[in-house]
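The numbers here are math on the coordinates, done by the rules we state, and not lab data. All values reported here derive from a predicted model rather than from experimental measurement. Cβ placement follows ideal geometry from the backbone for every residue including glycine, while neighbour counts extend to all protein chains displayed.
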Amino acid sequence: MSKFFKPLARNASRVRVLLLIALGLGAGSAMAADGVQPAALTSVPVFAKPYPGPAHSIGSPANGCLAGAVALPLSGTGWETLRPGRNRYWGNPALVAFLEDMGGRLASQGRLLVLDMAQPRGGHMTFAHAAHQTGVDVDLMYRLATEPLNDEQRAAPVLDSVVTSDGGLDPARWGDAQTALVKAFATDPRVERIFVNPAIKRALCQSVTGDRNWLRTLRPWWGHDEHFHVRIKCPPGDGACIAGAALPPGDGCGKELAWWFTPEAALPKQPAKPKPLPPIRAECRTILGVE
Ligand SMILES: [Zn+2]
């Protein structure tokens, strides 16, 4: 368990967002990552099924919606879908195809453990995420399953942190297999960015030799010590999908990473007040069932 990062996963202060902009991360990435927990939104209906019709990821991952979503099956060649009771196994068809493909490519090593994707129509979730709204985001565990899951394992997975209390990586939970898993995603041209705990990014910055270009795709963020968050690029031709800010040049192992280990990054531990939600964009109001 990361004492240092995990309690910080619920807040992003204005100061912090401004600092991130100053560091070149950009408002897009700052606002779109997990860990920015907005005020609860109680007036938006929760749909059990997708909005029918062609697939569109509309808006940005932190303020958007999803039409024509498809479900990732509970299991397949090289993956297992977790916590199906949340009904967050939906995505743009491009995301589902991507996961099926990655599962197949990695099947000789094990089975991907797939956590939240999006709700059937995307949109804001009432708990756990600020992003995941447009069907291009997926959370994956750092470990692979070695055999099919039973219902209990699928419904209540053990989510152990790979980060130790002193900011290192637990050798029992992080090794070459984890590095290879994250690298497989970070080097895929369909991926826009990946959020990992700063301790993971730091450890990889210190240990990876040879090709280090893929480290750039790994963006440090609060939490993400028991899963990593993969965001694919806007599906080709989906003009309503808003891409994230371009990644800054370089491997991201310099001063922008160092900031995460300053006292500034550790404050505040509790949000002063809930972060207001952005208004639901006009193109999403019908899909999300709001007037
Ligand atoms: Zn996520």
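Assuming 0.36 nm per residue, please report the length gained on full extension of the stretch VAL290 to LEU277 beyond their Cα-Cα distance. Working shown, then result.
Numbers: separation 13, 0.36 × 13 = 4.68 nm, distance 1.45 nm.
3.2 nm is the gain from fully extending VAL290 to LEU277.
Rounded, prolate or oblate for the range 177-282? Axes are the square roots of the Cα gyration tensor eigenvalues, ordered a ≥ b ≥ c, and the cut-off for rounded is a/c under 1.5. It would help to have the intermediate numbers written out before the result.
On the way: a/c = 2.01, a/b = 1.08, b/c = 1.86.
Judged from the Cα gyration tensor, the range 177-282 comes out oblate (a/c at least 1.5, b/c at or above a/b).
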- Message: 7 Å from Cα along Cα→Cβ at both THR146 and ALA184: what's the point-to-point distance in nm?
- Response: 1.6
- Message: What distance in nm separates the two pseudo spin-label positions at ARG83 and ALA155, each 7 Å out from Cα along the beta-carbon direction?
- Response: 1.5
- Between the range 54-113 and the range 143-159, the alpha-carbon center distance in angstrom: 17
- Task: Enumerate the amide H contacts of HIS56 below 5 Å, restricted to partners 5 or more residues apart or on another chain; note that Pro and chain-start residues carry no placed amide H.
- Result: ALA67, GLY68
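Gain in length, PHE127 to ALA266, computed as 0.36 nm per residue apart minus the alpha-carbon separation, to one decimal in nm? Could you put the intermediate results ahead of the total?
Numbers: separation 139, 0.36 × 139 = 50.04 nm, distance 2.21 nm.
Extra length from PHE127 to ALA266 when fully extended: 47.8 nm.
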- Item | Mean Cα-pair separation over length for the range 45-142, i.e. relative contact order, pairs under 8 Å, 6 or more apart, % | 34
- Item | Extended-chain gain in nm, criterion 0.36 nm per residue less alpha-carbon gap, ALA240 and ASP211 | 7.0 nm
